[in-house]
1. What pairs come out if I take residues in segment 1-16 that are closer than 12 Å to ILE95 by Cα and outside any strand (DSSP E or B) and pair them with residues that are charged (D, E, K, R) and modelled with pLDDT under 95 whose C-beta lies under 6 Å away, six or more apart or interchain?
2. Any residue in segment 125-147 that is of a type outside the set (S, T, N, Q), touching a His at 6+ places or on another chain (Cβ under 9 Å), part of a loop (DSSP other than H, G, I, E, B) and surrounded by fewer than 21 Cβ atoms within 10 Å (Cβ to Cβ)?
3. Please specify each residue of segment 148-169 satisfying the condition of being outside any strand (DSSP E or B) and either touching a Pro at 6+ places or on another chain (Cβ under 7 Å) or closer than 19 Å to HIS112 by Cα (or both).
4. Restricting attention to segment 89-120, report how many residues are part of a loop (DSSP other than H, G, I, E, B), under 19 Å from SER32 (Cα atoms), at pLDDT below 95 and over 10 Å from the mean Cα position of the chain (by Cα).
5. Checking ARG64 against (1) within 18 Å of the chain's Cα centre (by Cα); (2) at pLDDT 95 or above, only one condition comes out false. Which one?
6. Collect the residues in segment 94-113 that are buried (at least 16 other Cβ atoms within 10 Å of the Cβ) and either among the aliphatic types (A, V, I, L, M) or in contact with a strand residue (DSSP E or B) (Cβ under 8 Å, 6 or more places away or on another chain) (or both), keeping them in residue-number order.
7. Which ones in segment 68-93 are within 20 Å of GLY11 (Cβ to Cβ) and either surrounded by fewer than 19 Cβ atoms within 10 Å (Cβ to Cβ) or among the charged types (D, E, K, R) (or both)?
8. Give the residue that is surrounded by the most Cβ atoms within 10 Å (Cβ to Cβ), with candidates limited to residues of segment 1-30 that are of a type in the set (Gly, Ala, Ser) and modelled with pLDDT of 95 or more.
Amino acid sequence: MKFDVIIIGGGWAGCTEAEKLVKTGAKVCVVSEGLSLASVRYESPYARHAALQKAGVTVLRGDRAERGIIEDGKVTGVITRNLGEREPLTAEKYILATGKFFSRGLLSDKEHIWEPVFGADVDYNPDRTKWYDPDINAPQPFMKFRVKTDAEGHVLVAGKAIVNLSAVGDICNE
C-alpha cells in the first residue's frame, strides 16, 4: 500500500500529526497497535481513530510495525504484523510516534535499550545502574531516554540521518 506519510504509533502524538497532515491533502496511514493513555480523553477509546478515518486517514488499528526497510539512507517500506512481507507499506515520509517504554516504543534487556522498528540510535547511559533511582518517588532517569535525531529532526540509525524518517512525541522528547 502506498501513502504520502506513514505514522508508526496511534497515540496522542501520532494522531495529532495525522490530523495536521490530512488537512494538507496528504494520503496518511497510521499504524496503531493498541490504545494509549491519551485515548481516555475521548468519549470512547477509538473515537479519535474513527475521527481520523472519517477525515480520510487509513488507520491500521490492531496492527504493529515489525520492521522498517532502510536502503541508501532512506526508509523504503514498513513491514507490519498483519500485512507481512507480501504487502509492505510504502511512503515518501515516515514518522515514528511510538512512545517510550510503557508503549513499547523502546525495549530493553539487562544491558541494552533499543528502538525495535527501525533500529534507531537511542540516547541512554550504558551503565545500567544509572537507568533508575532507587527512590521510586524520584524522577526516573530512564524516562529521559529517547531516539537520537539530527538538527533537522531526522532519526539517526548507526549514526546516520535517515532523511525521510522523523520522530514526534515521547520517543524523541525528554
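The values are calculated or read from the model by the stated rules, or taken from the named source; none is laboratory data. Please read these numbers as outputs of a predicted model, since none were measured by experiment. Counting neighbours? That spans all protein chains shown, and the Cβs are built from the backbone with ideal geometry, glycine included.
1. Final answer for the pair search is CYS15/ARG48.
2. Checking segment 125-147: at least one residue is of a type outside the set (S, T, N, Q), touching a His at 6+ places or on another chain (Cβ under 9 Å), part of a loop (DSSP other than H, G, I, E, B) and surrounded by fewer than 21 Cβ atoms within 10 Å (Cβ to Cβ).
3. If we filter segment 148-169 for residues that are outside any strand (DSSP E or B), which is where we start, we get 148, 150-153, 158-159, 168-169.
Listed by number, the residues that qualify are LYS148, ALA158, GLY159.
4. Matching residues across segment 89-120 total 2.
5. The failed condition is (2).
6. Passing the criteria: TYR94, ILE95, LEU96, ALA97, THR98, LYS100, GLY105, LEU106, ILE113.
7. Those that are within 20 Å of GLY11 (Cβ to Cβ) and either surrounded by fewer than 19 Cβ atoms within 10 Å (Cβ to Cβ) or among the charged types (D, E, K, R) (or both): ARG81, ASN82, LYS93.
8. First pass over segment 1-30, keeping only residues of a type in the set (Gly, Ala, Ser): 9-11, 13-14, 18, 25-26.
With modelled with pLDDT of 95 or more added as a condition, the list becomes 18, 25-26.
On the way: ALA18: 30, GLY25: 9, ALA26: 17.
So, considering only residues that are of a type in the set (Gly, Ala, Ser) and modelled with pLDDT of 95 or more, the one surrounded by the most Cβ atoms within 10 Å (Cβ to Cβ) is ALA18.
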